[in-house]
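The next block holds one structure in the form of structure tokens; read it before the comments.
The values are calculated or read from the model by the stated rules, or taken from the named source; none is laboratory data. Here the structure is a predicted model, which is why all the values come from computation and not from measurement. With ideal geometry, Cβ positions are generated from the backbone for all residues, glycine too; neighbour counts draw on all protein chains shown. Areas reflect the complete protein model, heavy atoms only, side chains present, ligands, DNA and RNA absent. Shrake-Rupley method; radii C 1.70, N 1.55, O 1.52, S 1.80 Å.
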Amino acid sequence: MKKIATLLLISILALGTNKATAQKTKKHDTIVIKTTAQCEMCKARIEKAMAYEKGVASANLDVESANITVKYKLAKTTPEKIRKAISAIGYDADDIKADKKAYDKLPNCCQKGGMEKH
């Protein structure tokens, strides 16, 4: 009987420890990426693309600083994938340069040094 009680106590403690560990596991992270966005059209384009990016929970681009804050699911994506997705729509993302074909399709105002402003 004493062995059963001891075994039961050990099982309860083990289950409690696993539950506590699972609660501490981080599921989301946030990253701030410097882009070459210049206007509200850029903001809308990038935020829309991020909404369709697998693992991205939210994205908010500050046009004045050209920084995008992205909250993402650690199990679904990585900062590198997010940067590549931004590059694929025509904008620099930190040290990753914009995809040339996508950049060429951007309106003039959205290109670096664009003349038009909105």
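Hey, any hits in region 77-89 for a residue that's in contact with a Lys or Arg (Cβ under 6 Å, 6 or more places away or on another chain), touching a residue at least 12 places away in the same chain (Cβ under 8 Å) and open to solvent by 40 Å² or more (accessible area, probe 1.4 Å)?
No, every residue in region 77-89 fails to be in contact with a Lys or Arg (Cβ under 6 Å, 6 or more places away or on another chain), touching a residue at least 12 places away in the same chain (Cβ under 8 Å) and open to solvent by 40 Å² or more (accessible area, probe 1.4 Å).
Considering each residue of region 28-65, count those that are open to solvent by less than 40 Å² (accessible area, probe 1.4 Å), farther than 22 Å from PRO107 by Cβ and not in a strand (DSSP E or B), and give that number.
1
Pull up region 66-76, narrow it to residues that are assigned to a loop (DSSP other than H, G, I, E, B) and without any contact (Cβ under 8 Å) to a residue 40 or more places away in the chain, then point me to the one that is surrounded by the most Cβ atoms within 10 Å (Cβ to Cβ).
Among residues in region 66-76 that are assigned to a loop (DSSP other than H, G, I, E, B) and without any contact (Cβ under 8 Å) to a residue 40 or more places away in the chain, the one surrounded by the most Cβ atoms within 10 Å (Cβ to Cβ) is ALA66.
This table checks each residue for (1) at pLDDT 95 or above; (2) within 14 Å of GLY55 (Cβ to Cβ); (3) more than 22 Å from the chain's Cα centre (by Cα).
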{"site": "LYS71", "(1), (2), (3)": "yes, yes, no"}
{"site": "THR78", "(1), (2), (3)": "yes, yes, no"}
{"site": "LYS84", "(1), (2), (3)": "yes, yes, no"}
{"site": "SER87", "(1), (2), (3)": "yes, no, no"}
{"site": "ALA93", "(1), (2), (3)": "yes, no, no"}
{"site": "ASN108", "(1), (2), (3)": "no, no, yes"}
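Would you please list the contacts, defined by Cβ atoms under 6 Å and residues six or more apart or on different chains, that run from a residue in region 94-108 that is open to solvent by less than 60 Å² (accessible area, probe 1.4 Å) to a residue that is basic (Lys, Arg)?
Once the first residue is open to solvent by less than 60 Å² (accessible area, probe 1.4 Å) and sits in region 94-108, its partners that are basic (Lys, Arg) give ILE96/ARG83.
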